[in-house]
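Chemist: The structure under discussion is supplied below as structure tokens; questions concerning it will follow.
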Amino acid sequence: MPPRKRTRGRVRHVLRWIVSLAVAALLALLAYGWLRQHPEDTPWAPLDLARPIGMFTGRKLAALGEDFPQCRALLDKAGVEYVALAELREGARCGYADGLRFAADDPRITPFIPARLGVACPVAAALALWQWEVVQPAAERHFRMRVSGIEHLGSYNCRRLYGRSSGDFSQHATADAVDISGFRLADGRRITLVADWRTGGAEAAFLREVRDGACRVFATVLSPDYNAAHRDHLHLDQADRGAMGWRSCR
């Protein structure tokens, strides 16, 4: 090959290399700018309950089980009023040291029925975000009104899975789970899992939307689609599954 052609070939190669680097640098800058504006979609950014639910929100919420002060600080920053519960120990496997109860008069939190629901702090943080970002918007879309109350079957219960006499303990044994059975609308209507899950229409669509939204903020969500034991409630928990943080949504 003549020297002139070889030189032109090298120049084209260098130019392609420079253009590739420039494009990569531009994409990196755009990605960096986008991630700075969407910290909820980055694994390293601190959790902020004022931000929308992102790709890593659920993992960050579950990780709060290791840091009660940080969990409380997040609720404080979000303006959530609560009462910290006294530490409870019941045998070797049951109890909690991070329990709390939402304040009854907090306008930011939809009341729970029955009142005085106590849960572990990571569950409380997820419940708050679920109400704000999922439950109330879904009620507005389907019924043109807000939810005035959330019905539940309780949280803390020192028992094994499915009440068996042996095997693993339930997340309820540490107040890291809550069972949601229904919702009350502002006009007094009740929407319940047991009555409305399979009926079709707006009620069933609403229940599935709040179930799917819960999957974004809880480590485990079990619904009537999972098995007969959950025919009347949504089981929501913050099981600690380590660094991988795999999730279960049924």
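This table checks each residue for (1) of a type outside the set (A, V, I, L, M); (2) under 16 Å from His152 (Cα atoms); (3) in contact with a Leu (Cβ under 7 Å, 6 or more places away or on another chain).
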| site | (1), (2), (3) |
| --- | --- |
| Ser166 | yes, no, no |
| Asp176 | yes, yes, no |
| Arg184 | yes, yes, no |
| Thr192 | yes, yes, no |
| Asp196 | yes, yes, yes |
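Chemist: Continuing with the same structure: Being of a type in the set (Ser, Thr, Tyr) and either under 17 Å from the mean Cα position of the chain (by Cα) or surrounded by 18 or more Cβ atoms within 10 Å (Cβ to Cβ) (or both): is that true of Ser155 here?
Modeler: Details: of a type in the set (Ser, Thr, Tyr): yes; either under 17 Å from the mean Cα position of the chain (by Cα) or surrounded by 18 or more Cβ atoms within 10 Å (Cβ to Cβ) (or both): yes.
Spelling it out, Ser155 is indeed of a type in the set (Ser, Thr, Tyr) and either under 17 Å from the mean Cα position of the chain (by Cα) or surrounded by 18 or more Cβ atoms within 10 Å (Cβ to Cβ) (or both).
Chemist: Any residue that is within 18 Å of the chain's Cα centre (by Cα), among the polar types (S, T, N, Q) and not in a loop (DSSP other than H, G, I, E, B) - is there at least one of those in region 95-114?
Modeler: no
Chemist: Determine, yes or no, whether Asp179 is more than 30 Å from Gly95 (Cα to Cα), of a type outside the set (A, V, I, L, M, F, W, C) and either assigned by TED's automatic domain parsing to the domain that holds Cys215 or in contact (Cβ under 8 Å) with a residue 12 or more places away in the chain (or both).
Modeler: No: the conditions fail for Asp179.
Chemist: Right, another one. Determine which member of the set Arg10, Arg89, Arg6 is surrounded by fewer than 12 Cβ atoms within 10 Å (Cβ to Cβ), touching a strand residue (DSSP E or B) at 6+ places or on another chain (Cβ under 6 Å) and either over 25 Å from Ala173 (Cβ atoms) or at pLDDT 95 or above (or both).
Modeler: Exactly one of Arg10, Arg89, Arg6 is surrounded by fewer than 12 Cβ atoms within 10 Å (Cβ to Cβ), touching a strand residue (DSSP E or B) at 6+ places or on another chain (Cβ under 6 Å) and either over 25 Å from Ala173 (Cβ atoms) or at pLDDT 95 or above (or both), namely Arg89.
Chemist: Residue under question is Cys71, and the condition is that it be in contact with a helix residue (DSSP H, G or I) (Cβ under 6 Å, 6 or more places away or on another chain), touching a residue at least 12 places away in the same chain (Cβ under 8 Å) and under 30 Å from Glu203 (Cα atoms); does it hold?
Modeler: The answer is no for Cys71.
Chemist: Report every pair of residues separated by at least 6 positions or lying on different chains whose Cβ atoms are under 9 Å apart, first residue within region 135-160 and assigned by TED's automatic domain parsing to the domain that holds Phe206 and at positive phi, second assigned to a loop (DSSP other than H, G, I, E, B) and crowded, with 16+ Cβ neighbours inside 10 Å.
Modeler: If the second residue must be assigned to a loop (DSSP other than H, G, I, E, B) and crowded, with 16+ Cβ neighbours inside 10 Å, the pairs left are Gly154/Leu117.
Chemist: Kindly indicate whether Ile191 is buried (at least 16 other Cβ atoms within 10 Å of the Cβ), among the β-branched types (Val, Ile, Thr) and farther than 24 Å from Leu49 by Cα.
Modeler: Yes.
Here is a yes/no grid of residues against (1) modelled with pLDDT of 95 or more; (2) among the aliphatic types (A, V, I, L, M); (3) farther than 14 Å from Ile180 by Cβ; (4) surrounded by fewer than 19 Cβ atoms within 10 Å (Cβ to Cβ):
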{"site": "Phe112", "(1), (2), (3), (4)": "yes, no, no, no"}
{"site": "Gly118", "(1), (2), (3), (4)": "yes, no, yes, no"}
{"site": "Leu127", "(1), (2), (3), (4)": "yes, yes, no, no"}
{"site": "Trp130", "(1), (2), (3), (4)": "yes, no, no, no"}
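Chemist: Separate question: Pick from region 100-110 the residues that are more than 13 Å from Leu75 (Cα to Cα) and not aliphatic (A, V, I, L, M): which of them is surrounded by the most Cβ atoms within 10 Å (Cβ to Cβ)?
Modeler: Thr110
The values are calculated or read from the model by the stated rules, or taken from the named source; none is laboratory data. Quick caveat, the model's predicted, so the values are computed rather than measured. With ideal geometry, Cβ positions are generated from the backbone for all residues, glycine too; neighbour counts draw on all protein chains shown.
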